[in-house]
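Engineer: Have a look at the structure that comes next, please.
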Amino acid sequence: MSTPETSRFVRVRVELVLEVDDADAVTKTALRRIADDAELPASERVHAEGAVTEDTAEALAYLVDPFDLVSQVPGIELQQASWSSERIEYDPDSPEWDYDEDDEEGEYDLNDSDEGDGGSRADAAG
């Protein structure tokens, strides 16, 4: 009897809802990261600066990096990542936002207590 082959690749899906308390701080941090990126071509720099200045969600998409989530995990190599951010209407009391009922094995809701932007960026590890 042989063991069925299984893929070595695992897809991890993460959805975050962030509340922006200080849009200026987010924008300034994104602009600082753009300015510090020596490998960013000038034409892309101008586009990125304009995008993060006009839209806080775009600034977040520039700052939140899935590579950072897994860079210290031993035994893995990130093959591909994509992410986006968008402004949404959020009501934590709405049944639409109650992930506890629909959680599948391996999914965790960090907001399990009773308390209570359209940018995108995609990169591949090289």
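The values are calculated or read from the model by the stated rules, or taken from the named source; none is laboratory data. Values in this document were obtained by computation on a predicted structure and should not be read as measured data. No Cβ is skipped: glycine too gets one built from the backbone with ideal geometry, and neighbour counts run over all protein chains shown. Quick note on the areas: whole protein, heavy atoms, side chains included, nothing else; ligands and nucleic acids left out. Shrake-Rupley method; radii C 1.70, N 1.55, O 1.52, S 1.80 Å.
Engineer: Out of the residues in the range 62-91 that are assigned to a helix (DSSP H, G or I) and under 18 Å from Val12 (Cα atoms), which is most open to solvent (accessible area, probe 1.4 Å)?
Structural biologist: The extreme case among them is Leu69.
Engineer: Considering each residue of the range 25-46, count those that are surrounded by 10 or more Cβ atoms within 10 Å (Cβ to Cβ), among the charged types (D, E, K, R) and in a helix (DSSP H, G or I), and give that number.
Structural biologist: Number satisfying all stated conditions: 5.
Engineer: Hey, can you tell me all the residues within the range 47-57 that are within 22 Å of Leu18 (Cα to Cα) and open to solvent by 30 Å² or more (accessible area, probe 1.4 Å)?
Structural biologist: Glu49, Thr53, Glu54, Asp55
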